[in-house]
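Notes for the one structure printed next.
The values are calculated or read from the model by the stated rules, or taken from the named source; none is laboratory data. As the structure is a computational prediction, the values presented were derived from the model and not from experiment. Every residue, glycine as well, gets a Cβ built from its backbone with ideal geometry; the counts of neighbours run over all protein chains shown.
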2 protein chains.
Amino acid sequence: MSFLLYEVFQADKMWQNLPKLAQQVDKETAQAILQECAKIAEQELDPIARQGDEIGVSYKDGVVTTAPGYKKAFQTYVDGGWTALGGDVNYGGMGMPKMLTGLHEEMLCSADISFALYPVLTAGAALSLAKHGDEALKQRYLTRMYSGEWSASMCLTEAHSGSDLGIIRTKAIPQEDGTYNVSGTKIFITGGEHDLTENIVHLVLAKLPDAPAGPRGISLFLVPKFQVNDDETLGEFNNVSCGSIEHKMGIHASATCVMNFDDSKGYLIGELNKGLACMFTMMNFERIGVGIQGLGAAVRSYQNALEYAKDRLQGRALDSKQNGVKNPSQEADSIMVHGDVRRMLLNMKALNEGSRALSSYISMQLDYATYGEGDEQVKGETLAALMTPVAKAFFTDLGFENTVAGQQVFGGHGFIREWGQEQLVRDARITQIYEGTNGIQAMDLLVRKIATSNGAMLKVFTDEVNTYINENKDNDVMAEFIAPLGDAVNDLTHLTTDLLAKSQTNINELGASANDYLHVFGYTAMAYIWARMAQVSLSKKDNNGESGDDFYQSKLHTARYFYTRILPRRLSLIASAKSGCDCLFDIDDELF
Amino acid sequence: MSFLLYEVFQADKMWQNLPKLAQQVDKETAQAILQECAKIAEQELDPIARQGDEIGVSYKDGVVTTAPGYKKAFQTYVDGGWTALGGDVNYGGMGMPKMLTGLHEEMLCSADISFALYPVLTAGAALSLAKHGDEALKQRYLTRMYSGEWSASMCLTEAHSGSDLGIIRTKAIPQEDGTYNVSGTKIFITGGEHDLTENIVHLVLAKLPDAPAGPRGISLFLVPKFQVNDDETLGEFNNVSCGSIEHKMGIHASATCVMNFDDSKGYLIGELNKGLACMFTMMNFERIGVGIQGLGAAVRSYQNALEYAKDRLQGRALDSKQNGVKNPSQEADSIMVHGDVRRMLLNMKALNEGSRALSSYISMQLDYATYGEGDEQVKGETLAALMTPVAKAFFTDLGFENTVAGQQVFGGHGFIREWGQEQLVRDARITQIYEGTNGIQAMDLLVRKIATSNGAMLKVFTDEVNTYINENKDNDVMAEFIAPLGDAVNDLTHLTTDLLAKSQTNINELGASANDYLHVFGYTAMAYIWARMAQVSLSKKDNNGESGDDFYQSKLHTARYFYTRILPRRLSLIASAKSGCDCLFDIDDELF
């Protein structure tokens, strides 16, 4: 993480140069935060994750009880001030940049995604409230969310309305005092009810009775579980109740609730009928957060798999006859000798480290968008918008792939619950689904971002990469990366042009190729970041001209592995994306 | 299934031409079997699968109790004579060909893999016993296994010895009466203990005290849970006890047992120190069976996903503006309109139907190996041996991919247990692991089969495909399939030559590329089978020259989808496999 922050992205210099950030953070503060966060993850969260999975959240008569250890761990997290980490400094937040809060999220998720969901949802809701809420709401609620006294949820989905928010039925009736009576049922509400905090602040999408149909008639309301008296003490129950919790494949310690609102008092956030935009402030935050969840689980799976592979003795290396037995004192070699085990581990390592680096790059863009000015800010906003769906879908697809790979390294033991590897698979699986399925992310990238801007948003990214390529085109030691990176970016540009042109006559070309496209984009962007990491590592030669210490050697080898074994994945994806949509749409529904 | 049996592979004619089979099976018998099997799967197994997952197998004081409904379902299965289906006719078996028993297994697994494991393990053990056991053992045990009175297990794995059987520690001490006293502990024993049958016949790998080290010192023993008296009644307890059961990610209704043998009386199967070969008779059967498990789960996932996609209304089609709203009477279209949903469903459809067809092709080779003569038999044996690892690893990798895709189609509901889609993912996951991990299958294919035969085994297959290509090269309507099939087979041949050549100087090239290679082989073989299915479908034009009825149109479209969108997967795999092993082995273990 330090390598990324200070050597690859030079975040410390960036922070110094952004006046709004310079007051809050410097390298020393950042290092202290990361070290303390690692302690919390290792000492408080890791020990409760397995029992959280086995025991899970329980529900009785509307009361939701978290698994043993969660209340204590949450209190420790609150006491450490972590709930304020990324918050607005005007309301008690610490104002830390996303580059730090994102790494903090990764550590939480490596330890326990279920736990992480409670504070991360609250942080996202706080972001929306800080940006769109009025002063009174912020003074009353935001301060208590940052303090960790209260948590929050996002209430979007209804039984008939998941990805299609335009058809929600939850109603908000305006009252004479300027508040709204909110009624309706929301499902799949993470942290909708639990025993970790004394109050829960729900951000609820609802429609006024006379609202326009579709997404342009949606408003956003803050609906607390308990009302708040003028003296800031908790007031009466607000008719917000949990009807049941879901029994799920994974994240068993996260309460996934059916939430009933029954003339519950709500407060408008932002403008009427513009609630979806306000909610998107939270959703975009959470989408990157979900990407980081996938990464976090995969990082943990890799750590476990590597330890297991080094310990597990099975069989002899394939080249034992040619090169001698590697571990003659034992009855078998460690499974690290087997090419296919190395393949699985290196896939995990290259994709995890690439995801963390790309995630940090996106966080950096968000920090420019929030704290930068002028062109720098606009570019940050553009790249963050472009890459949010990539972070969500690409990191979670890879996260799932890698938790599965980390399970596979364990052989039969990977299927047994007590080893913990299968929990990571089950926990990571939801990240591909919630917060907008990965198919929806792909449409967001190709249709909403790239096609709508007629490729302009993509060009902001490819210009940066092409500039980097040009700067390094005469750098011989970088040739092994720069040449294939150039091919990858060219191919991405051509694929984009091709798809946008074809979409003029048949817009279904976009939907049919969106998933392939997102992955081509992801591997290409990751190649760019791996080239930058390789470049830093290559610069670390020691006095004898040898490559640097183990850390940089490892990075360099992993970069080579990525370029050699993983980047070629784009070839198949491009071939598939270019093949057109006819084979998907020429077949009638009845013939499926 | 009928399409495959009678139109693609003309199994009925094959059965007529093989004298040993002609007495047992004809088309009428086969159809009756498949129809009755479908009934059992739908009416007896499907209803118990969800509760089997939720309640699972329980263990107390050595007693293993199956989930509610399993005893009754098993009895119905036994009463229907299904435990005898593929068995040797000389001992009460029905002698049905693998082409039928394989389809029967698929149906069981689509309904409930956990249930299927009990009879399928017994069938595999029976196969080994029938081939290698002596007459007395067969008379005593095989008859009762076919009758369904007794079941069987395969006891290979020990805690320190999973994939590396050469280092097992279970001991067999010769006794004066010709039996052996077997002692040791085996883990991960599917169906090692349960309440479905009155006796359980364990096939146990063990070593004599003076046996040679490694795999050449392994012998195979039949060890019954209860000894059998001379009058065929059950005798005394044979000190075979279950120490515990595993708590697993999936297949909760399958008992996965730690089995303790303590001077348990065992009977040698086959020759001393040649036990691994005898066990491989069972293992190869089970490997294909495990491939079919992956397929079965994926087929069920597709059926569910298709039904859900047709019912679920979310959003409007991307081309609604251009082509009008598809479902104007409702507030949203079915998600079948979305390109990415069609992609997921068509991937599942093309890969499932391709896997079933390729599986049937492999079964046909097994039937030639068992019932054929002369060159036909040798070719069947060669192709079955070549393709067994492909069936195991390729079908299970695709099966897992497809259960995940079928879960994804359900969106958030896919993650909720009550919908059943996530169970299929958890159940399918084990198929990539047990019966030899898929990494081991890949090594079996590339090292043990292809490299050891210096490519000769592969040539048997590519010769058949190239003959087919030549026969059809002037068939214009088939050009869309024959041309890319030709490319695929050529590339496979070149890749093989390349890897075998490189392995002369560095044998690690094989281990490093085995997984990619297996998948290149799989997609190429599947392309061959899809071409044959397309050809049959193209031949079914009606009197007006229009393409045939819905079934054949569906097949043809799916074949085109496979060739357009799936076959290109091989491009990335080939690029990766050809890139050499240096990037996997140049990095020291400490740098991982």
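Which helices (runs of 4 or more DSSP H) does segment A:363-454 wholly contain that include 3 or more residues that are of a type in the set (A, V, I, L, M) and more than 10 Å from chain B (Cβ to nearest Cβ)? Steps first, please.
On the way: elements: A:374-409, A:421-429, A:438-443.
Output list reads A:374-409.
Do we find that A:Leu346 is within 9 Å of chain B (Cβ to nearest Cβ), part of a helix (DSSP H, G or I) and hydrophobic (A, V, I, L, M, F, W, C) in this structure? Please lay out each step first, then the result.
Details: within 9 Å of chain B (Cβ to nearest Cβ): yes; part of a helix (DSSP H, G or I): yes; hydrophobic (A, V, I, L, M, F, W, C): yes.
Spelling it out, A:Leu346 is indeed within 9 Å of chain B (Cβ to nearest Cβ), part of a helix (DSSP H, G or I) and hydrophobic (A, V, I, L, M, F, W, C).
Which residues, counting only those in segment B:298-316, are surrounded by 24 or more Cβ atoms within 10 Å (Cβ to Cβ) and over 16 Å from B:Met344 (Cβ atoms)?
So in segment B:298-316, the residues surrounded by 24 or more Cβ atoms within 10 Å (Cβ to Cβ) come out as B:298-302, B:305.
Of everything in segment B:298-316, nothing turns out to be surrounded by 24 or more Cβ atoms within 10 Å (Cβ to Cβ) and over 16 Å from B:Met344 (Cβ atoms).
Residue by residue, here is whether (1) at the interface with another protein chain (Cβ under 10 Å from one of its Cβ atoms); (2) in contact (Cβ under 8 Å) with a residue 40 or more places away in the chain; (3) farther than 30 Å from A:Ala385 by Cα holds:
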| position | (1), (2), (3) |
| --- | --- |
| A:Gly294 | no, yes, no |
| A:Ser301 | no, yes, no |
| A:Asn304 | no, yes, yes |
| A:Ala309 | yes, yes, yes |
| A:Pro328 | no, no, yes |
| A:Ala332 | yes, no, yes |
| A:His338 | yes, no, yes |
| A:Val341 | yes, yes, yes |
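Within segment A:515-526, can one find any residue that is within 9 Å of another protein chain (Cβ to nearest Cβ) and farther than 20 Å from A:Leu5 by Cα?
Yes - at least one qualifying residue is present in segment A:515-526.
Could we say that B:Glu271 is at pLDDT 95 or above and more than 28 Å from A:Phe415 (Cα to Cα) here?
Numbers: at pLDDT 95 or above: yes; more than 28 Å from A:Phe415 (Cα to Cα): yes.
So B:Glu271 fits the description; yes.
Please pick out the residue among B:Phe585, B:Phe562 that is within 12 Å of chain A (Cβ to nearest Cβ) and either free of Cβ contacts under 8 Å to residues at least 12 places away in the same chain or surrounded by fewer than 23 Cβ atoms within 10 Å (Cβ to Cβ) (or both). Reasoning before the result, please.
Working: B:Phe562 fails: either free of Cβ contacts under 8 Å to residues at least 12 places away in the same chain or surrounded by fewer than 23 Cβ atoms within 10 Å (Cβ to Cβ) (or both).
None of the other options fit; the residue is B:Phe585.
Rundown of residues vs (1) in contact with a helix residue (DSSP H, G or I) (Cβ under 6 Å, 6 or more places away or on another chain); (2) surrounded by 21 or more Cβ atoms within 10 Å (Cβ to Cβ), yes/no style:
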| position | (1), (2) |
| --- | --- |
| B:Ala159 | no, no |
| B:Ser163 | yes, no |
| B:Ile167 | no, no |
| B:Asp177 | no, no |
| B:Gly184 | no, no |
| B:Thr197 | no, yes |
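Please list, ordered by residue number, the strands (runs of 3 or more DSSP E) wholly in segment B:220-268 having 1 or more residues that are within 21 Å of B:Ala159 (Cα to Cα), within 14 Å of another protein chain (Cβ to nearest Cβ) and not β-branched (Val, Ile, Thr).
Working: elements: B:226-228, B:234-237, B:240-245.
In segment B:220-268, B:240-245 are the strands (runs of 3 or more DSSP E) which contain 1 or more residues that are within 21 Å of B:Ala159 (Cα to Cα), within 14 Å of another protein chain (Cβ to nearest Cβ) and not β-branched (Val, Ile, Thr).
Read through the list (1) polar (S, T, N, Q); (2) in contact with a strand residue (DSSP E or B) (Cβ under 7 Å, 6 or more places away or on another chain); (3) surrounded by 24 or more Cβ atoms within 10 Å (Cβ to Cβ), then give the number of the only condition that A:Ser334 fails.
Of (1) polar (S, T, N, Q); (2) in contact with a strand residue (DSSP E or B) (Cβ under 7 Å, 6 or more places away or on another chain); (3) surrounded by 24 or more Cβ atoms within 10 Å (Cβ to Cβ), only one is false for A:Ser334: (3).
Among the residues of segment A:16-28, is any within 23 Å of the chain's Cα centre (by Cα), modelled with pLDDT of 95 or more and among the basic types (Lys, Arg)?
Checked against the condition, which is being within 23 Å of the chain's Cα centre (by Cα), modelled with pLDDT of 95 or more and among the basic types (Lys, Arg), segment A:16-28 yields no hits at all.
Do you know which residues across segment B:472-501 are polar (S, T, N, Q) and part of a helix (DSSP H, G or I)?
Start the filter on segment B:472-501 by keeping residues that are polar (S, T, N, Q), which leaves B:472, B:475, B:490, B:493, B:496-497.
Once the filter is applied, which keeps residues that are polar (S, T, N, Q) and part of a helix (DSSP H, G or I), segment B:472-501 yields B:Asn490, B:Thr493, B:Thr496, B:Thr497.
Kindly provide the set of residues from segment A:565-582 that are more than 7 Å from chain B (Cβ to nearest Cβ) and either assigned to a helix (DSSP H, G or I) or touching an Asp or Glu at 6+ places or on another chain (Cβ under 6 Å) (or both), ordered by number. Please lay out each step first, then the result.
The initial filter retains those residues of segment A:565-582 that are more than 7 Å from chain B (Cβ to nearest Cβ), namely A:566-567, A:570, A:573-574, A:577-578, A:580, A:582.
Of everything in segment A:565-582, those that are more than 7 Å from chain B (Cβ to nearest Cβ) and either assigned to a helix (DSSP H, G or I) or touching an Asp or Glu at 6+ places or on another chain (Cβ under 6 Å) (or both) turn out to be A:Ile566, A:Arg570, A:Leu573, A:Ile574, A:Ala577, A:Lys578, A:Asp582.
Would you mind stating whether B:Leu495 is at pLDDT 95 or above, under 14 Å from B:Ala442 (Cβ atoms) and more than 13 Å from chain A (Cβ to nearest Cβ)? Step through it out loud before you land on a result.
Values: at pLDDT 95 or above: yes; under 14 Å from B:Ala442 (Cβ atoms): yes; more than 13 Å from chain A (Cβ to nearest Cβ): yes.
When the stated conditions are applied, B:Leu495 passes them.
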